[in-house]
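Student: This structure is in structure tokens; I'll ask about it shortly.
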Amino acid sequence: MILPSVAELLGGVGRHPAVEQILDELRRGGREARLAGLTETAKALIVAHCAAVLRRPVLLLVESNQQAEALTEPLRFFYRALSGQPASQVAILPALDTLPWQSLSPHPEILETRAVTLWRLASNQTVLVVAPMAAAQMRLREAEFYRALGRSVARDEEVPLEELVAHLASVGYERHETVEMPGQFTVRGGIVDVFSPEAPRPVRLELFGDTVESLREFDPGTQRSVGPLERFTLPPLTEFPRRSELLERAFARAAGHAGEVLQDESVRLAGVFPGWEFQAALLEPPEATLFDLCERPVVILDEPEALEQAANKFHERLAEAYDQACSAGESKGIPLGETAAPEAYYLTPGQWRCALEAHQRLLLERLAVRGEGPDHAEPRVLQTQPTPRYHGNVPAFMAEARGRIAAGEQVMVSAGTTGELERLADLCHEYELPYRLGELEETATTVRLAEDSTAGSVPAMVLAKAPLAEGVVFPESRLVLYGTGDLFGTLPAAARPKQRPKTASFFSDFSELKPDDYVVHVDHGIGQFEGLRQVETDGAQGEFMLLRYADDARLYVPLERLDLVQSFRSLEGAEPQLDKLGGTAWVARKARVRKSLADLAEQLLRLYAERKTTGGFAFSTDTPWQKEFEDAFEFEETPDQSTAHARRV
């Protein structure tokens, strides 16, 4: 929970005359306002302030996906602090990582992020959306279409089982025998288990006829219920619903363009093929824009000149890819007119300008450059400066902070992790500089730090766990925000990746495993991968890997058990001999390896016995530096690492 003192501290910037003037212009219906003099961190604070004060949808346009990702977390922190609303109201709409003519599907994580953002925006659940130019110029469906992608289910509600299952499959959920990971669902009679990527645990629906009799969260590890629910929401995982009739038409249309691809069953997963999303878009042409998904949006442009250059480069890239697709099509005998032009998927430059000019705009700039022509608004100026970098010089930093506080300025220092927050608090104690926490978490560390706060009612440094890589000084507002990199050169803690099904990477990229590649099955040995097949078992369609063994024997492995199969690797590409299904050669090889492992284990036991009887060295207890180092670990811990860490603690 971010404390009100932080909101008051940050809100002082919103009371600057230049900020108040641009907000007043927008409230009075002005078409365009400009604010200059801003660093990147200052821009994030101003955008969040606009979203919190105007209480209207705000669309922030930036150059690229990388810039959008860098701004999203600071925006979430500032918006949460200024409005008191959840960070989920700030969303990112990434651009697709593929072009329509590449015969490739976008990455599943990008599709999921886009689908959730479009659904939230169309459903009035998102206030602020960050979008790169390539995403903002894409043609989209109407708001009603995206609202229908998500679904809420409540207890005692009428929910036909077939309709629910069809909806889950169409919006990207995968059917499995048991639900273990986000994005999966299973059906057993009148019981449906489903794991939303937005939820901490999966949910079990029990139906009596078509009525939801029970809703309960459950533990995916033990499959046991945790607690009851009254309602839960299922967000979409793709913005392109997989409806059977649409897929059939997409297959038919694509047959002449990628026939050799469509013949390979290994890429026809669940009736789809690489790039089918773009074929489907041609069958149901999108006519709306990003601006049409919300009511009266305020469009904020980060460095308008840079955005225009980015848009021009993107259209040049589209034109080049389209020309290459036309040339490739002609070599296959495909008439020129059958290759869809860029304007079928994206707005033309003229259409983009018209769509943009129809909405109120706020232009944010680093330098106050006078616009050309009578249509350009004069810029208001908010002076900001980047904070100095101290490169670990703690005495100089503390002296600078003490001087600023004594001069009546407000100082906030950002910590990337809880360990770094603890380290800063210890430094304040060491240098006798009063501090107070800007955020309270329900952890023993933050509670202790709050209790140890030395500020009282005197002016003090505010310590907050904030994802601000760069700091900023607002001289006229007498406010200084230090970033996580200013003192020690650290970056904000990276967001932990979402859990993905074991098959997620397999579904997204088939180039790593091709037909005739060698694989190893833990029970049956070395075989050859022949592709993927759909097999109906107990009335449910399942995806299976087809493996070929010696004597032309075949083995079907369900994708839920991909943990049993791995790629075969050998030195210098030597081709192995296929094992025989039901034979003894693989069993004998495993027995020899097991004997070798037993011998190695015996040697290790003797080694560790000697170590146990030898005098050891007692290390000191963990310090805040150790805690900070552990918090900065950006990867998801393995089960063994978690167990070892728990034992050490």
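Student: List the pairs whose first member sits in the stretch 298-313 and is assigned by TED's automatic domain parsing to the domain that holds residue 67, whose second member is aromatic (Phe, Trp, Tyr) and in a helix (DSSP H, G or I), and whose Cβ atoms are under 8 Å apart, counting only residues at least 6 apart or on separate chains?
Tutor: 299/291; 311/352
Student: Residues in the stretch 609-625 that are in a helix (DSSP H, G or I) and surrounded by 10 or more Cβ atoms within 10 Å (Cβ to Cβ): how many? Walk me through it before giving the result.
Tutor: Taking the stretch 609-625 as the starting set, the residues that turn out to be in a helix (DSSP H, G or I) are 609-613, 624-625.
Now narrow it down to the ones that are surrounded by 10 or more Cβ atoms within 10 Å (Cβ to Cβ): 609, 624-625.
Here the count works out to 3.
Student: Among residues belonging to the stretch 1-33 that are assigned to a helix (DSSP H, G or I) and touching an Asp or Glu at 6+ places or on another chain (Cβ under 8 Å), point out the one that is surrounded by the fewest Cβ atoms within 10 Å (Cβ to Cβ). Steps first, please.
Tutor: Of all residues in the stretch 1-33, those assigned to a helix (DSSP H, G or I) come to 4-14, 17-27.
Within this subset, residues satisfying the condition of being touching an Asp or Glu at 6+ places or on another chain (Cβ under 8 Å) are 6, 14.
Working: 6: 22, 14: 18.
Applying the filter and picking the extreme gives 14.
Student: If the requirement is being at pLDDT 95 or above, among the aliphatic types (A, V, I, L, M) and either part of a helix (DSSP H, G or I) or out of contact with any Leu (no Cβ under 9 Å at 6 or more places or on another chain) (or both), which of these qualifies: 104, 82, 75? I'd like the intermediate steps shown before the answer.
Tutor: Details: 104 fails: at pLDDT 95 or above; 82 fails: at pLDDT 95 or above.
75 is the lone residue from the list that is at pLDDT 95 or above, among the aliphatic types (A, V, I, L, M) and either part of a helix (DSSP H, G or I) or out of contact with any Leu (no Cβ under 9 Å at 6 or more places or on another chain) (or both).
Student: Consider only pairs whose beta carbons are under 9 Å apart and that are at least six residues apart or on different chains; among these, list those whose first residue lies in the stretch 102-127 and is in contact (Cβ under 8 Å) with a residue 40 or more places away in the chain and whose second residue is buried (at least 19 other Cβ atoms within 10 Å of the Cβ) and among the acidic types (Asp, Glu).
Tutor: 105/277; 106/277; 111/239; 111/277; 114/239; 115/239; 118/239; 119/239
Student: Follow-up question, since we're still on this one. Within the stretch 421-433, count every residue that is within 17 Å of residue 395 (Cα to Cα) and touching a helix residue (DSSP H, G or I) at 6+ places or on another chain (Cβ under 7 Å). Working first, answer last.
Tutor: Pass one, the stretch 421-433, residues within 17 Å of residue 395 (Cα to Cα): 423-433.
Remaining after also requiring touching a helix residue (DSSP H, G or I) at 6+ places or on another chain (Cβ under 7 Å): 423, 425-427, 431, 433.
Of the residues in that region, 6 qualify.
Student: Can you tell which of 595, 627 is outside the structural domain of residue 519 (by TED's automatic domain parsing), within 40 Å of the chain's Cα centre (by Cα) and of a type in the set (Lys, Arg)? Explain how you work it out, then say what you get.
Tutor: Working: 595 fails: within 40 Å of the chain's Cα centre (by Cα).
Going through 595, 627 in turn, just one is outside the structural domain of residue 519 (by TED's automatic domain parsing), within 40 Å of the chain's Cα centre (by Cα) and of a type in the set (Lys, Arg): 627.
Student: Please go through the stretch 393-442 and pick out each residue that is of a type in the set (A, V, I, L, M, F, W, C), in a helix (DSSP H, G or I) and either free of Cβ contacts under 8 Å to residues at least 40 places away in the same chain or within 21 Å of residue 9 (Cβ to Cβ) (or both).
Tutor: Answer for the stretch 393-442, where residues must be of a type in the set (A, V, I, L, M, F, W, C), in a helix (DSSP H, G or I) and either free of Cβ contacts under 8 Å to residues at least 40 places away in the same chain or within 21 Å of residue 9 (Cβ to Cβ) (or both): 396, 397, 398, 399, 401, 405, 406, 421, 424, 425, 427, 428.
Student: Now, a different point. Any residue in the stretch 334-342 that is surrounded by 15 or more Cβ atoms within 10 Å (Cβ to Cβ), in contact with a helix residue (DSSP H, G or I) (Cβ under 6 Å, 6 or more places away or on another chain) and either at pLDDT 95 or above or not in a loop (DSSP other than H, G, I, E, B) (or both)?
Tutor: Yes, there is a match, as at least one residue in the stretch 334-342 is surrounded by 15 or more Cβ atoms within 10 Å (Cβ to Cβ), in contact with a helix residue (DSSP H, G or I) (Cβ under 6 Å, 6 or more places away or on another chain) and either at pLDDT 95 or above or not in a loop (DSSP other than H, G, I, E, B) (or both).
Student: Could you grab me the full set of residues in the stretch 169-193 that are surrounded by fewer than 17 Cβ atoms within 10 Å (Cβ to Cβ) and either among the β-branched types (Val, Ile, Thr) or in contact (Cβ under 8 Å) with a residue 12 or more places away in the chain (or both)? First the steps, then the outcome.
Tutor: Narrowing the stretch 169-193 to residues surrounded by fewer than 17 Cβ atoms within 10 Å (Cβ to Cβ): 177-178, 188-191.
Within the stretch 169-193, 177, 178, 190, 191 qualify.
Student: Same structure, new question: Collect the residues in the stretch 483-508 that are at pLDDT 80 or above and in contact with a helix residue (DSSP H, G or I) (Cβ under 8 Å, 6 or more places away or on another chain), keeping them in residue-number order.
Tutor: Across the stretch 483-508, the qualifying residues are 483, 484, 486, 487, 488.
This table checks each residue for (1) modelled with pLDDT of 95 or more; (2) closer than 24 Å to residue 458 by Cβ; (3) touching a Phe, Trp or Tyr at 6+ places or on another chain (Cβ under 6 Å); (4) not charged (D, E, K, R).
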| residue | (1), (2), (3), (4) |
| --- | --- |
| 368 | no, no, no, yes |
| 372 | no, no, no, no |
| 394 | no, yes, no, yes |
| 415 | no, yes, no, yes |
| 437 | no, yes, no, yes |
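Student: Checking residue 647 against (1) charged (D, E, K, R); (2) surrounded by 10 or more Cβ atoms within 10 Å (Cβ to Cβ); (3) at pLDDT below 80, only one condition comes out false. Which one?
Tutor: Here residue 647 meets the rest and fails (2).
Student: Being in contact with a helix residue (DSSP H, G or I) (Cβ under 8 Å, 6 or more places away or on another chain) and closer than 24 Å to residue 281 by Cα is the filter; apply it to the stretch 146-168 and report the residue that is surrounded by the most Cβ atoms within 10 Å (Cβ to Cβ).
Tutor: Quick first cut of the stretch 146-168, residues in contact with a helix residue (DSSP H, G or I) (Cβ under 8 Å, 6 or more places away or on another chain) only: 146-147, 149-151, 153.
In the following step, the residues that additionally are closer than 24 Å to residue 281 by Cα were identified as 146-147, 149-151.
Working: 146: 23, 147: 16, 149: 25, 150: 22, 151: 17.
By that ranking, first place goes to 149.
Student: Name the residues in the stretch 114-142 that are out of contact with any Pro (no Cβ under 7 Å at 6 or more places or on another chain) and either β-branched (Val, Ile, Thr) or outside the structural domain of residue 290 (by TED's automatic domain parsing) (or both), would you?
Tutor: Matches in the stretch 114-142: 117, 126, 129, 130.
Student: Sticking with this one: Condition first: within 13 Å of residue 168 (Cβ to Cβ) and within 25 Å of the chain's Cα centre (by Cα). Now tell me which residues in the stretch 183-205 satisfy that.
Tutor: Initial filter on the stretch 183-205 (within 13 Å of residue 168 (Cβ to Cβ)): 183-187, 192-197, 202-203, 205.
Across the stretch 183-205, the qualifying residues are 183, 184, 185, 186, 193, 194, 195, 196, 197, 202, 203.
Student: Sticking with this one: Can you name every residue in the stretch 119-162 that is under 21 Å from residue 86 (Cα atoms) and not in a loop (DSSP other than H, G, I, E, B)?
Tutor: Step one: list which residues in the stretch 119-162 are under 21 Å from residue 86 (Cα atoms), which gives 119-131, 147, 150-152.
Within the stretch 119-162, 119, 120, 121, 122, 128, 129, 130, 131, 147, 151, 152 meet the criteria.
Student: Shifting gears a bit: Would you confirm, using the coordinates I've provided, whether residue 95 is in a loop (DSSP other than H, G, I, E, B), touching a strand residue (DSSP E or B) at 6+ places or on another chain (Cβ under 7 Å) and under 25 Å from residue 122 (Cβ atoms)? Full working, then the answer.
Tutor: Values: in a loop (DSSP other than H, G, I, E, B): yes; touching a strand residue (DSSP E or B) at 6+ places or on another chain (Cβ under 7 Å): yes; under 25 Å from residue 122 (Cβ atoms): yes.
Spelling it out, residue 95 is indeed in a loop (DSSP other than H, G, I, E, B), touching a strand residue (DSSP E or B) at 6+ places or on another chain (Cβ under 7 Å) and under 25 Å from residue 122 (Cβ atoms).
The values are calculated or read from the model by the stated rules, or taken from the named source; none is laboratory data. Remember, predicted model here, so these are calculated numbers, not experimental data. Backbone-built Cβ (ideal geometry, glycine too); neighbour counts: all protein chains shown.
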